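Scroll down for the structure; my scribbles are underneath it.
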Amino acid sequence: MKRISAYLLIVMNILFTTTNSNAMPKKLSKTEKQIKTLMPQAEKGDKKALDQIYHLALQDPKISKLNSLDQKDLSQFPILLEDQIEIKSKTTKDGISSVDRKDMKISDYSAIAWILYNLNQEPNTPYVYALAKRMMNINNVESAQNWYMTAAMMARIDASKCEDKTAPQGILIIESEFSDIKKSLQNQNEFNRALKFALDQEEKFKSRPLPKWICSHGIEALSGELKYKNEATWENDRMRIRERQEAKLSKTTK
């Protein structure tokens with residue numbers, strides 16, 4: 001639970017204290033231009049395009065450092081969401097606590113390439129949120145909307161697998177960063193398109209690991225034990241959530 005609490009603090013600190021590193025337009029490098037060209041096909045899951053953008057991303061030395069982090073505790077997520085992460089807390093002999101801060105600046109295009117490739121290797125909901133954020137950073141609004149809607153749907157389906165009903169509170173913390181995307185989705189046509197995309201992607205990524213990332217946010221996680229619903233029960237919940245979303249789509253297209 002200490003790890004999870006620290007993780008929550010890291011995310012909250014990033015969400016509320018960092019600024020958009022790409023607020024000012026900048027000239028793209030040759031590698032970034034190549035990634036940008038391949039992105040539409042990579043977003044569709046084209047294997048060749050995914051391999052190409054990943055190899056391009058590896059030209060960024062920070063990606064190598066990213067690959068060395070422990071993926072099991074989602075250390076990469078805050079870095080992918082923004083550019084900084086608090087990595088270690090220390091307590092001196094005098095009992096004074098401090099936090100070592102490490103800057104980890106990765107270009108938006110390198111981050112997008114890394115996420116898309118890894119997402120298609122092993123689907124992971126937090127990475128989809130990070131993908132939406134990075135897409136918004138480069139002003140690719142349509143992709144940002146698509147991936148945010150996908151993340152929101154996957155997160156709620158992930159949370160439905162937790163026995164602890166307080167677990168979904170973690171979703172609100174993450175989604176507080178996406179007010180600009182949520183506002184843009186008030187346009188009905190854009191909402192419909194993003195929802196269709198999300199339904200397709202959630203189905204594509206339905207075989208994902210146990211959602212420790214969200215179940216760990218529940219009150220019962222204090223006991224140190226996470227409890228999950230059995231597959232049959234969860235699949236029923238998953239289909240109910242999807243049907244509820246599909247109903248929104250049906251109402252708006254009549």
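Each value in this text was obtained by applying a stated rule to the coordinates, not by laboratory testing. Fair warning: this is a prediction, and the values are worked out from it, not measured in the lab. Don't worry about glycine lacking a Cβ; one is built from the backbone with ideal geometry, like all the others, and counts go over all protein chains shown.
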| said: Please list, in order along the stretch 223-230, the HN-Hα scalar couplings obtained from phi with the Karplus expression 6.51 cos²θ - 1.76 cosθ + 1.60 (θ = phi - 60°), rounded to whole Hz, x for Gly and Pro. | reply: 6, x, 10, 9, 10, 10, 6, 6
| said: In Å and on Cα atoms, what radius of gyration and Dmax does the stretch 189-244 show? | reply: 14.3, 45
| remark: For the stretch 147-254, the Debye formula with one identical point scatterer on each Cα and no solvent gives log10 I(q)/I(0) at q = 0.10 Å⁻¹ as -0.31
| request: State, to one decimal in nm, how far the label point of residue 187 lies from the label point of residue 239, with both points 7 Å from Cα in the Cβ direction. | output: 3.6
| message | At a 10 angstrom cut-off on C-beta neighbours, averaged per residue, how do the peptides 240-246, 186-192, 106-112 rank from highest to lowest? | response | 106-112, 240-246, 186-192
| task | Tell me the GluC sites (Glu not before Pro) within the stretch 125-176 that lie in a loop according to DSSP and have at most 15 other beta-carbon atoms within 10 Å. | result | 163
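Arrange the peptides 176-183, 207-214 so that the one whose residues have, on average, the most other Cβ atoms within 10 Å appears first.
Numbers: 176-183: 15.0, 207-214: 16.6.
Ranking, from highest mean packing down: 207-214, 176-183.
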| request: Order the peptides 222-233, 147-158 from the highest to the lowest mean number of other Cβ atoms within 10 Å of their residues. | output: 147-158, 222-233
